[in-house]
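Below is one structure; the comments refer to it alone.
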Amino acid sequence: MATTKEFLNFVLEQLSDTGDIRPRPMMGEYILYYRDKYFASVCDNRLFLKPVPSALAMLPSAPLEPSHEGGSPMILVEDLDNRELLSQVIPAMYDELPFPKPRKKKSGK
């Protein structure tokens, strides 16, 4: 089941206090970026955070599940209504997230 636009908009609204969140569509699902670093996936109408130490510490009882078949375990955010916690977790994760790898330039042959 692909994520609905309505659910994506709900997640983006819940994260709006954080600022600078950008979704990128990916095969019916979405990857979320915070200040140009990948931090979460929205799959099957569920929000998954990368399992960096700060997020694991702030969400100790959240289950770890793959966001898609064959994927690595991620933190499943079950309480999307807690905007205050979400607005604290995302910035706390930032320094632990890698910058995106630079894209290779296409050769002009």
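The values are calculated or read from the model by the stated rules, or taken from the named source; none is laboratory data. No experiment lies behind these values; they were computed from the predicted model shown. Using ideal geometry, Cβ is built from the backbone for each residue, glycine included, and neighbour counts are taken over all protein chains shown. Note: accessible area is taken over every heavy atom of the protein model, side chains too, but ligands, DNA and RNA are not part of it. Shrake-Rupley method; radii C 1.70, N 1.55, O 1.52, S 1.80 Å.
Assorted remarks:
- Qualifying residue in region 37-54 (condition: of a type in the set (Lys, Arg) and exposed (fewer than 12 other Cβ atoms within 10 Å of the Cβ)): no
- Residues in region 55-78 that are of a type outside the set (A, V, I, L, M, F, W, C), open to solvent by 30 Å² or more (accessible area, probe 1.4 Å) and not in a strand (DSSP E or B): 60, 61, 63, 68, 69, 70, 72, 78.
- Among all positions in region 13-33, there is no residue which is touching a Cys at 6+ places or on another chain (Cβ under 9 Å), assigned to a loop (DSSP other than H, G, I, E, B) and surrounded by 18 or more Cβ atoms within 10 Å (Cβ to Cβ).
Yes/no per residue for (1) modelled with pLDDT under 95; (2) under 19 Å from residue 38 (Cβ atoms):
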site	(1), (2)
67	yes, yes
73	no, yes
76	no, yes
91	no, yes
96	no, yes
99	yes, yes
102	yes, yes
106	yes, no
